[in-house]
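Novice: What follows is a single structure, and I will ask about it in a moment.
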């Protein structure tokens, strides 16, 4: 069982000094992973697009915000940390040349001594696709499938030969290879039917975002989607148990003197015992890696929440597993 954090990707906490403070704290508290987010450019208006993690379909917080480039940031984090795994949640695969992305990720895997995880998604922001001159928005699913297969070939074979609809190469050296063998693990983001098929057929793991209406992924819903992933895996001749199950959710451990919020309690937000119980529910479904988003926008509160989880929640989860 591993617990990781999503580093602030935008807004007031997204500056380098704050990101490094959180990363170094996570490393010292023995969190299992750190994940960064991906946007290259943002339009003035996203009227053509529907954001999948709000009921309104609008992107929260505004579009004109700083975004640190994720692959460059991972390389810096490889130097700033010593033990946590480092990933992208998620890399929008069609945005980048797949050989360049594979090379950058392999290099960071070497620099970090084998700590990189690739969370992979198809993207949702049509205007960003258009600005980048990326492959057609309507074909982003098939592009992602092909690019991921090419990236895995670049990590596992030498010389590399690959023939696809969107990309073809013959007898090319792509070196160095990642430290991890056989390759950098690929966790498929998203919760649509296409994402579940992708996770079951080519993914090393499933990495959805939950607890963000309308994408709640409450336990029954999560279990049903895992069943679909396993069905796809068996059809592809794969062992379903080889697919790592993860979830990314907002998390807050309330202080002992804090008052409970009015209304229904969101999962993973509450007292230490309540958060432990929530983790156990998903653990029973096979989840082995949780990635937590911050629910506050003030550094001191973020660091305090990290400490409460590490000191008050994680030991109870570990004790429960040993029983």
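Bear in mind that the values in this text are calculations on the coordinates, not laboratory data. Please read all numbers here as calculations on a predicted model, not as lab measurements. Note that each Cβ is placed from the backbone with ideal geometry, even for glycine, and that neighbours are counted across all protein chains shown.
Novice: So what's the angle, to the nearest 10 degrees on a 0 to 90 scale, between helix 272-283 and the longest Cα principal axis of the chain?
Specialist: Result, in degrees: 40.
Novice: Does anyone have the angle between helix 140-156 and the longest principal axis of the chain? Alpha-carbon axes, 0 to 90°, nearest 10?
Specialist: Between the helix axis and the principal axis of the chain, the angle is about 80 degrees.
Novice: Mind computing the radius of gyration and Dmax over the alpha-carbon atoms of the stretch 158-308? Å is fine for both.
Specialist: My reading of the Cα-based Rg and Dmax gives 19.4, 64 Å.
Novice: Using only the alpha carbons, work out the radius of gyration and Dmax of the chain in angstrom.
Specialist: 19.3, 64
Novice: Report, in degrees rounded to the nearest 10, the 0 to 90 angle that the Cα long axis of helix 16-28 makes with the longest principal axis of the chain.
Specialist: Helix 16-28 and the main axis of the chain meet at about 70 degrees.
Novice: Students often check this: by mean Cβ neighbours within 10 Å, which of 156-165, 178-187 ranks highest, and how do the rest follow? Working shown, then result.
Specialist: Details: 156-165: 13.6, 178-187: 19.1.
Put in order of decreasing packing, that is 178-187, 156-165.
Novice: Can you tell me which of 264-270, 4-10 comes out highest on packing, and rank the rest after it, using the mean Cβ neighbours within 10 Å?
Specialist: Details: 264-270: 17.6, 4-10: 22.9.
Descending mean neighbour count gives 4-10, 264-270.
Novice: Pick from 127, 69, 139 the residue whose mean-square fluctuation is largest in a GNM of the chain, springs joining Cα atoms under 10 Å.
Specialist: Of 127, 69, 139, the most mobile in the Gaussian network model is 139.
Novice: Something else: Helix-derived [θ] at 222 nm for the chain: sum -39500 (n - 2.57) over DSSP H runs of at least 4, divide by residue count, nearest 500?
Specialist: Numbers: 10 runs with 119 residues, N = 323.
It comes out at -11500 deg cm²/dmol, rounded to the nearest 500.
Novice: Which order do peptides 235-243, 21-29 fall in by mean Cβ count within 10 Å, highest first? Intermediate values should be presented prior to the final figure.
Specialist: Working: 235-243: 12.4, 21-29: 18.0.
Descending packing order for the listed peptides: 21-29, 235-243.
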